[in-house]
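**Student:** Supplied in structure tokens, the structure appears directly below.
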Amino acid sequence: MKLKRRRALEVPPKIKAFINNVTATPLENIEEPLKSFSWEFDKGDFHHWVDLFNHFDTFFEKFIKPRKDLQLEENFLEADPPFPRDAVLQILRVIRVILENCTNKHFYSSYENVFPGILCVRAQKVVSASLAILWQRTRESGRGGGGLGEKGGMGRLGGKEEGLGLISCALRNGSDPVALELGSTLHFEFYAVNESVSEATLMEQSTHGLQIIHMPDVNATKESDLELLNKLVVEHKVPQNLRFSLLTRLRFARAFSSLEARQQYTCIRLYAFIVLVQACSDTDDLVSFFNTEPEFINELVTMLSHEDAVPEKIRILCLLSLVALCQDRSRQPTVLTAVTSGGHRGILSSLMQKAIGSVVNNSSKWAVVFAEALLSLVTVLVSSSSGCSAMREAGFIPTLLPLLKDTDPQHLHLVSTAVHVLEAFMDYSNPAAALFRDLGGLDDTISRLMVEVSHVENGSKQQSTSVDVDGSECGGSQVVGDTSAELDSLQPLYSEALVSYHRRLLMKALLRAISLGTYAPGTTARMYGTEESLLPHCLCIIFKRAKDFGGGVFSLAATVMSDLIHKDPTCFSVLEAAGLPSAFMDAIMDGVLCSAEAITCIPQCLDALCLNNNGLQAVKERNALRCFVKVFTSKLYLRALAADTSGSLSSGLDELMRHASSLRGPGVDMLIEILTKIAKIGSGLESASLSTDSPSCSQPVPMETETENRDVTTMDDRDSCTPGSSEQLTDVVPDASSTNVESFLPDCISNAARLLETILQNSDTCRIFVEKKGIECVLQLFTLPLMPLSVSLGQSIAVAFKNFSPQHSASLARAVCSFLREHLKSTEELLTLVRGSQLAQVEFSKRVKVLRCLSTLEGILSLSNSLLKGTTTIVSELGSADADVLKDLGKVYREILWQVTLCCELKVEEKRTVDVEPESADTGPSNVAGRESDDDANIPSVRYMNPVSIRSSSHSQWGLERDFISVVRSTEGFSRRSRHSLARLRGGRTGRHSEAFQIDPEAGASGAENPPHGMKKKSPEVLVLDNLNKLASTMRSFFTALVKGFTSPNRRRTETGSLSSASKTIGTALAKVFLEALGFSGHSSSTGADTSLSVKCRYLGRLWMT
């Protein structure tokens, strides 16, 4: 199956050059350009390599899939060309290396069609390499492997069914004459059943029931494996689904006499078992396996103790088998019991001690891989409380501490994994944290952090130090890769780029461990020793060179600083003397890193600094909260603010201003400055901050590691904008373009609204916000000239007032109604200028001005709808001044319905023209005409589809359109419920009611005449009709919400109840609005001609459906 690369992901030039070199080489010589391949990049993305994988699929389809000797179907002995062993081995090696070092590896699915055939190859190295890829593909996600089919039977190579255990097959001297005789005997049993009993003859009865194939001393036969298999298949009528199992047993029996071949097949068996455990979706297969071999887990553990007799590669695969089993929580206790009881008690700690000694002494590269596999097993075991207790009692804390002093760059991943294990110990057990400190573990951790920080500080100009990503997908990535070849003849385990990658992961792990290690419940001890001397200095360096360390390390360093202050507020003087608070504030004031982690950690750290008077004074003097102005007004931070980053930041700032009440004023000033700057950007008075302006992104990135369709959680875990991504972002977001501003403004306003959501629920903060005209600043966002006409801001801005303090709801209602009143007046004046003309046919500048005014009205009405559902104060405010707002709204509503009617009449006329003269008419607008016709039976259901997708987190616009649909449907439901008795009189009008809401699915969030790059430009008629329909729908929803707001929802129709004076005023005003609308006779056309009867009927039909 051919893969498709996402268009938005650009392939790095170095990777593209290699792929082009491979694809330019004939398939017959494909191994030549692959021989020199090694991973010289940073952590990559699978989508970079899609073209290469598709090229490999072409090779497999041409040279592998047609081979009959790999399908084991009929006539599989027919002559096939020689198997391209060297080419396949090189391809499998390249696939393995790429999957080891790339994210999104779960997109690789070609193995389902190709690998089942490759597993039938006689070459053991090819089979082993194929299974290594399957292990890599399934080890993290647990998905895949389903394409193996009957090949899952490989998990039983040379098992108990042959009378032999794993040890007998793997040990150098483990095969006595009896075992050798058993291993060299082919014994295979199966049941044969005829498909049709009626056709069974006496001769065929011999193939019924249990069939037994028993051939002693198979290695003495002269036939080849396939010739012998064909003979057995013909003689015993072996069905096709069992031929692979028979071939596997046959090959193992013939190879048993050779120690090297036997050990190779043992590796294949262990590989197959790992894949079976990780990819098996049916637990019955595993249950059947363990019923046959109940001692298999104990044999795996026993193999670990045979250090000299068992090859290192087999012992590593035994560890990986145990790791795979422990991934299933139900089997983890069995593994834990096997390694902590009986003769195996203490085996893991003993092996770990020896492995760490070998690693530190650089005895061999196999020792590194073995230590990594062993650490992987311990990491899985300590993930449960019982396993953590058992490993702690086994003495793993003192065993792992020496690894902290190993500074070999090739061992960084081992140290990082060891620190994760120590972190788990401290997280599960307070005594473990105390033991960690008593053994000097905290001092060693801080010292190691200083080593890594100094390395980055001294080599910060290197490109490799500019990437900061999460390590969830990299742990143990080299284990299988390095065990599939002879390590001592290979290059170093990791390239320079990956060394830098693991160095960053190690610093993150060290900071997390320090955060846990400095927390000792029940003690009041101050900072001491290394904790007091080195730790502040390390953190200070990280803050001062935040760009070089990245957002993840910066966030963890800030967390350590805040934890130190919260644990012991009196230590602030020590931190202040080291310059730590000032370094942190310098870092955020110079430009916050483009990372969700770096942004969300700021309120917590400022809160900790404000616990001390000096810290509070420093925060106020530096006006540290202003750092968020650039974050919420720059295109750089759009991806960092995606998902719930703005909401988390809002909660953090709310907590900060509650604890430090003196920061409420500066905090509100910061919010108003954000709103003011957004208004200037949307008015064209100020350009948005671009990547070239940011000091936090100034160095190039060797390759992009972010993915465009990433899960939100992953985006938060990684730095959304790594240092140096300016060159990439500049291409995506060019400066001084109104199109880019249009794409930027909706998300910018949405982020600002979510920032206000939690902050404005505090009454004191809300009071200051109201006094400083914050509500007016929010409402001004509706009037931005550069806002796309098709984007509705109502639902987005409503989020800002979702939790608005009830004590100040009257001020909010007053400001909203005042803004609505003033805007209705200007709207009425503009509509007066186009009275009698179709809006789509007026002058361009005047039409754009009217449409923008209508778009603003739609947004403020949508906001009012949301407020009507949450508070009654706006009902009272609307009822004041004799409900003059509703009167003005009624006038605008008449004009909108009239314009919609004119547009629909024009479409009907166009359709009639098309029907009469199809050869000369343009069929383009006919789709719209069809939807606007009177043919009610053909009108589709209401839908609004926005094809625009902003590159960096466009979910806010999509959310607006979904909310729009929900409003439309709720209005329809209300109309049906409130006028149920008139249902029979409506007839076809129901279709016209849907027609009033119908919006062209081609409509997008583009501007009036300047659609975004790559979007289809809409005609003036379609654009006008879209905006008019949307506004008419919102007006109906507003009327519906208003009626629900002043009537009791629980009151029965037959009951009487008193209404407030405001409600009576509103009811009277609404009645007058619709009465005047019914009496509206329309306008004469611009040419002076009277309006046709059909237009008036359409108008009344639309009004009736309201």
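The values are calculated or read from the model by the stated rules, or taken from the named source; none is laboratory data. In this text, all values refer to a predicted model and were calculated from it rather than measured experimentally. In this analysis, Cβ positions are derived from the backbone assuming ideal geometry, glycine residues included, and neighbour counts consider all displayed protein chains. Please note that ligands, DNA and RNA were not included when accessible areas were found on the heavy atoms of the full protein model with its side chains. Shrake-Rupley method; radii C 1.70, N 1.55, O 1.52, S 1.80 Å.
**Student:** GluC sites (Glu not before Pro), restricted to the range 809-864: which are DSSP loop and have at most 15 other Cβ atoms within 10 Å?
**Tutor:** Glu843
**Student:** Would you calculate the separation in nanometres between label points at Ile212 and Glu312, each defined as 7 Å from the Cα along the Cα-to-beta-carbon direction?
**Tutor:** With each label placed 7 Å out from Cα toward Cβ, I get 4.6 nm.
**Student:** With a Förster radius of 56 Å, plug the Cβ-Cβ distance of Glu181 and Asp568 into 1/(1 + (r/R0)^6) and report the FRET value to the nearest 0.05.
**Tutor:** Efficiency, rounded to the nearest 0.05: 0.15.
**Student:** Given the pairs Lys802/Lys1044; Lys14/Lys547; Lys635/Lys825; Lys620/Lys802, which are separated by over 27 angstrom at their Cα positions?
**Tutor:** From Lys802/Lys1044; Lys14/Lys547; Lys635/Lys825; Lys620/Lys802, over 27 Å: Lys635/Lys825; Lys620/Lys802.
**Student:** Here's another thing I want to ask about it. Using 7 Å Cα-to-Cβ label points, what is the Ser350/Ser763 separation (nm, one decimal)?
**Tutor:** The answer from the label model is 7.0 nm.
**Student:** Let me ask something else. To the nearest 0.05, what FRET efficiency results for Ser288 and Leu259 with a Förster distance of 25 Å applied to their C-beta separation?
**Tutor:** 0.25
**Student:** Placing +1 on the Cβ of each Lys and Arg and -1 on the Cβ of each Asp and Glu in the range 752-903, which of Ser880, Leu786, Leu824 has its Cα farthest towards the positive end of the resulting dipole?
**Tutor:** Final value for the positive-end residue is Leu786.
**Student:** Here is a follow-up. Considering amide H positions built from the backbone, and no H for Pro or chain starts, which residues 5 or more places from Cys102, or on another chain, come under 5 Å of its amide H?
**Tutor:** Close amide H contacts, sequence-distant or interchain: Gly44.
**Student:** Taking 0.36 nm per residue of sequence separation and subtracting the Cα-Cα distance, how much length would be gained by fully extending the chain between Ser330 and Met589, in nm to one decimal?
**Tutor:** 88.2 nm
**Student:** FRET efficiency for Glu457 and Ala17, Cβ-Cβ distance as r, R0 = 25 Å, nearest 0.05?
**Tutor:** With R0 = 25 Å, the Cβ-Cβ based efficiency is 0.15.
**Student:** By how many nm would the segment from Thr58 to Leu435 lengthen if fully extended, with 0.36 nm per residue of separation less the alpha-carbon distance?
**Tutor:** Result for the pair: 129.9 nm of gain on full extension.
**Student:** Between His659 and Val1043, what length comes free when the chain is fully extended (0.36 nm per residue of separation minus the Cα-Cα distance, one decimal in nm)?
**Tutor:** Once the chain is fully extended between His659 and Val1043, it gains 134.0 nm.
**Student:** Looking only at the range 253-271, which residues have a backbone nitrogen under 17 Å from a spot 7 Å from the Cα of Glu235 in the C-beta direction?
**Tutor:** Inside the label zone: 253-254.
**Student:** Continuing with this model, one more query. Kindly rank 238-249, 861-872 from highest to lowest mean number of other beta carbons found within 10 Å of each residue.
**Tutor:** 861-872, 238-249
**Student:** Place a label point 7 angstrom from the Cα of Ser383 along the Cα-to-Cβ direction, then list the residues of the range 407-437 whose backbone nitrogen is under 12 Å away.
**Tutor:** No residue qualifies, since no backbone N sits under 12 Å from the label point.
**Student:** Starting from the amide H of Leu186, placed 1.01 Å from N in the peptide plane, find each other amide H under 5 Å away whose residue is 5 or more places distant or on another chain.
**Tutor:** Correct list: Met215, Asp217, Val218.
**Student:** With a sphere of radius 12 Å drawn around the Cβ of Phe59, what net charge do the other residues whose Cβ falls strictly inside it have (Lys, Arg +1; Asp, Glu -1)?
**Tutor:** Value of the local net charge: -2.
**Student:** Something else: Please sort 308-320, 569-581 by packing, taking for each peptide the average over its residues of neighbouring beta carbons within 10 angstrom, highest first.
**Tutor:** 308-320, 569-581
**Student:** Taking the Cα centre of the range 749-858 as the origin, how large is its charge dipole in debye, to the nearest 20, when only Lys and Arg (+1) and Asp and Glu (-1) carry charge on their Cβ atoms?
**Tutor:** It works out to roughly 120 debye.
**Student:** Another one. Pop out the carbon and sulfur fraction of the accessible area of the range 51-120 as a percent, whole number, probe 1.4 Å.
**Tutor:** Carbon plus sulfur share of accessible area: 48 percent.
**Student:** Something else about it: With a point put 7 Å past each Cα toward its Cβ, work out how far His537 is from Lys35 in nm, to one decimal.
**Tutor:** Distance between label points: 5.2 nm.
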